[in-house]
Amino acid sequence: MSHKQAGGPPGESAADWCLYQLNGAAEFEVSEADIISTVEFNHTGELLATGDKGGRVVIFQREPESKNEPYNQGEYNVYSTFQSHEPEFDYLKSLEIEEKINKIKWLPQQNAAHSLLSTNDKTIKLWKITERDKRPEGYNLKDEEGKLKDLSTVTSLQVPVLKPMDLMVEVTPRRIFANGHTYHVNSISVNSDCETYMSADDLRINLWHLAITDRSFNIVDIKPANMEDLTEVITASEFHPHHCNLFVYSSSKGSLRLCDMRASALCDKHSKLYEEPEDPSNRSFFSEIISSVSDVKFSHSGRYMLTRDYLTVKVWDLNMETKPVETYQVHDYLRSKLCSLYENDCIFDKFECAWNGSDSVIMTGAYNNFFRMFDRNTKRDVTLEASRESSKPRAILKPRRVCVGGKRRKDDISVDSLDFTKKILHTAWHPTENIIAIAATNNLYIFQDKVNSEMH
């Protein structure tokens, strides 16, 4: 691995990443409610939303360029914070419904307002985010406090005027999509038609219209007549970025199914099945668990799909079902540790994956607050760390190495000293620039490549 790291646009030298911002308190005891559970850039990258286990959504806005404060340009500052979901109780099943935000998805912007969908295990909500910097004054029938005047006192008419005021960001719930899921919602995806979206739980996928809350169409149902015959569950799903009729869903058995909604109303019969035959020599008790796909993402071009399982990330070509075109080892050194990872439940951790804006680099998280990048063109890969101790602002991140045995180089970290409580599950990449957002417990790290940060 050379000094230059994965992450540059195609045809250019790779990126040198540096810490740009760190949001979140450095607490020894982190409250469960503050743990970040999802991270999502909007379509322009100007806004960044995080959801947490306490049901809150925090929206960050990128600061515009300023001649007076050139160093602050590009920083993401808190724009709005609101409580999206509250804890509920399902009295029919005697089950608590957590307020934890499982996923956030931005809708393409249609006007001055922004809109996003947020979901917990059961209920999806559509939020509208608007700005107000003017207020009307001089009403004829209301006084300054907004109370209606006595009509007998109104002797003349005046034209109300708009007066400037301090900027207010208002967040309002526009729609609540409830009662659509029996099982826990694991993913939502907005269609490229900008009118519909889908939500997936363990056994079913529903299609919703953004304007209609009281009904949805069930487009995938893998629930067997007898639950004892259940062999796999749906783990993630996503719409194709350009073709509104295509979507993919992944399963706990490691397969991907591409479905075409033009073929039939119920897409139980997939159009394409992507599955890699298992190597019999690698078969073990853990094979099925580690092959479960925790995330699937279409490339921006729509040509490829990126999947993450426990030990690898894979790139699949939509035109090739038999095997992935690329496989990258995320932390192969854990293969000998699967037994202890099973005992402490880490083997069930669900890591996400992300593409850069040009689909040339992929990113995913690991343990010990490490995250990995793989450059598809140069085949270089790098391990970086999101930590307060090793990240000085604007300093280039040093690549980290994990050694399994034998000779240890300086700064290498032993596989036995990895901290499995520190895990990077949620990551996001700016749609066009080399800016990444990494959630590490209750902290949000924003890294930029050195070139990007020096330009600002």
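Which order do the peptides 136-142, 380-386 come out in when sorted by mean C-beta neighbours inside 10 angstrom, highest first?
Ranking, from highest mean packing down: 380-386, 136-142.
Could you check how much of the accessible area of the chain is carbon and sulfur, as a whole percent, using a 1.4 Å probe?
Details: 11640 of 23080 Å².
Answer for the chain: carbon and sulfur cover 50 percent of the accessible area.
Can you divide the C-alpha Rg of region 322-366 by 2.2 N^0.38 Å and report the result to two decimal places?
Values: Rg = 13.5 Å, N = 45, 2.2 N^0.38 = 9.3 Å.
For region 322-366, the normalised Cα radius of gyration is 1.44.
Normalised by the residues of the chain, what does the relative contact order come to in percent, with Cα pairs under 8 Å and at least six apart?
Contact order relative to length: 15 percent.
Rounded, prolate or oblate: pick one for region 66-172, where a ≥ b ≥ c are the square roots of the eigenvalues of its C-alpha gyration tensor, a/c under 1.5 means rounded, and failing that, prolate if a/b is larger than b/c, else oblate. List each step's numbers first, then the result.
Values: a/c = 3.29, a/b = 1.46, b/c = 2.25.
Oblate is the answer for region 66-172, as a/c is 1.5 or above yet b/c matches or exceeds a/b.
For a test of understanding, tell me how many lysine pairs in region 142-263 have Cα atoms under 23 Å apart, given they are 8 or more places apart or on different chains.
Working: LYS142/LYS163; LYS147/LYS163; LYS149/LYS163; LYS223/LYS253.
Count of close lysine pairs: 4.
Identify all lysines with a Cα-Cα distance to LYS450 below 19 Å; exclude those on the same chain that are fewer than 8 residues away in sequence.
Correct list for LYS450: LYS4, LYS392, LYS398.
Can you tell me the order of 81-90, 292-301 when each peptide is scored by its average per-residue count of other Cβ atoms within 10 angstrom, highest first?
On the way: 81-90: 14.7, 292-301: 20.4.
Taking the mean over residues of other Cβ atoms within 10 Å, the ranking is 292-301, 81-90.
For the chain, which cysteines have no disulfide-compatible partner, meaning no other cysteine Cβ under 4.7 Å?
So far as the 4.7 Å Cβ criterion goes, CYS18, CYS194, CYS244, CYS339, CYS346, CYS353, CYS403 stand without a partner in the chain.
Which value at 222 nm does the chain reach when only helices count, each DSSP H run of 4 or more adding -39,500 (n - 2.57), with the total divided by all residues and rounded to the nearest 500 deg cm²/dmol? List each step's numbers first, then the result.
Numbers: 3 runs with 17 residues, N = 456.
Only helices count here, giving -1000 deg cm²/dmol.
Show which lysines lie in cross-link reach of LYS125 when reach means a straight Cα distance below 24 angstrom and same-chain residues fewer than eight apart are skipped.
Straight-line reach from LYS125, under 24 Å: LYS53, LYS93, LYS100, LYS103, LYS105, LYS297, LYS350.
Principal axes first, then extents: for the Cα atoms of region 76-119, list largest minus smallest coordinate on each axis, whole Å, largest first.
Here the spans come out as 42, 23, 14 Å, largest first.
What does the charge add up to near ASP143, with Lys and Arg as +1, Asp and Glu as -1, over the other residues with Cβ less than 14 Å from its Cβ? Working shown, then result.
Values: positive: LYS142, LYS147, LYS149; negative: GLU137, GLU144, GLU145, ASP150.
Combined, the nearby Lys, Arg, Asp and Glu give -1.
From the Cα gyration tensor of region 286-339, with a ≥ b ≥ c the square roots of its eigenvalues, which class applies: rounded if a/c is under 1.5, or else prolate if a/b is larger than b/c, or else oblate? Walk me through the numbers on the way to the answer.
Details: a/c = 2.43, a/b = 2.29, b/c = 1.06.
Because a/c hits 1.5 or more and a/b exceeds b/c, region 286-339 counts as prolate.
Can you tell me the accessible area per residue over the chain, all protein chains present, probe 1.4 angstrom, in square angstrom? Write down the numbers at each step before the final one.
On the way: 23080 Å² over 456 residues.
Accessible surface, normalised per residue, equals 51 Å².
The values are calculated or read from the model by the stated rules, or taken from the named source; none is laboratory data. Note that the coordinates shown come from a computational prediction; the quantities given were computed from them, not determined experimentally. Using ideal geometry, Cβ is built from the backbone for each residue, glycine included, and neighbour counts are taken over all protein chains shown. These area figures cover heavy atoms from the full protein model, side chains too; ligands, DNA and RNA do not enter into them. Shrake-Rupley method; radii C 1.70, N 1.55, O 1.52, S 1.80 Å.
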